[in-house]
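For reference, the structure is listed below as structure tokens.
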Amino acid sequence: MSDCIFCQIALGKVPSEIAYEDDELIAFKDIQPLAPVHLVIIPKKHLRSLNDVTPENERLIGHLFGIIRRLAGEFGVAESGYRVVANTGTDGGQVVGHLHFHLLGGQALNARIG
Ligand code: 5GP
Ligand code: ZN
């Protein structure tokens, strides 16, 4: 989608600090990091949110979580711990309408949820 910032990142039309890329996924550093390690992992395919995930996407989402685990190791937070967040919809605080997962770590994160 031409008006979607994450589609533009996936197409390489908007620059980002890429941490991982393959045919289906891209992971990049968040432009406004909330923790020492703050990556955004997205499918290149435009899905609006978790609400768009169907059984046909299950292999893709499984692959995505495998890459998250790998990135946690590469960025040195696998043992210290990290958080994976998918803000979904208005009440979930989703700003960018392209399915994405935040990987946050490198410090003790606030335990409060909600
Ligand atoms: P949301 O609130 O939708 O879950 O989070 C969207 C995230 O995308 C935010 O943390 C924001 O900083 C990040 N973001 C938005 N635009 C860009 C961009 O152009 N480049 C990068 N690297 N991150 C972005
Ligand atoms: Zn998109």
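Computed from the coordinates by the stated procedures, all read-outs in this text should not be read as laboratory data. Since the model is a prediction, treat every value here as computed from it, not as a measurement. Using ideal geometry, Cβ is built from the backbone for each residue, glycine included, and neighbour counts are taken over all protein chains shown.
Which ranges mark the strands (runs of 3 or more DSSP E) fully within the range 1-47 that have 3 or more residues being within 16 Å of ligand 2 (Cβ to nearest atom)?
So the answer is 25-29, 37-43.
If I go through the range 58-91 residue by residue, how many of them are under 16 Å from the mean Cα position of the chain (by Cα), closer than 23 Å to Q8 by Cα and assigned to a loop (DSSP other than H, G, I, E, B)?
Of the residues in the range 58-91, 4 are under 16 Å from the mean Cα position of the chain (by Cα), closer than 23 Å to Q8 by Cα and assigned to a loop (DSSP other than H, G, I, E, B).
Can you tell me which residue within the range 48-57, out of those that are polar (S, T, N, Q) and part of a loop (DSSP other than H, G, I, E, B), is farthest from ligand 2 (Cβ to nearest atom)?
Result: T54.
Among all residue pairs at least 6 apart or on different chains, which show Cβ distances below 9 Å where the first residue, located in the range 34-53, is under 24 Å from G81 (Cα atoms) and in contact (Cβ under 8 Å) with a residue 24 or more places away in the chain and the second is assigned to a loop (DSSP other than H, G, I, E, B) and of a type in the set (S, T, N, Q)?
Every condition considered, the pairs that remain are A35/Q107; P36/Q107; V37/Q107; H38/Q32; V40/S16; L50/T88.
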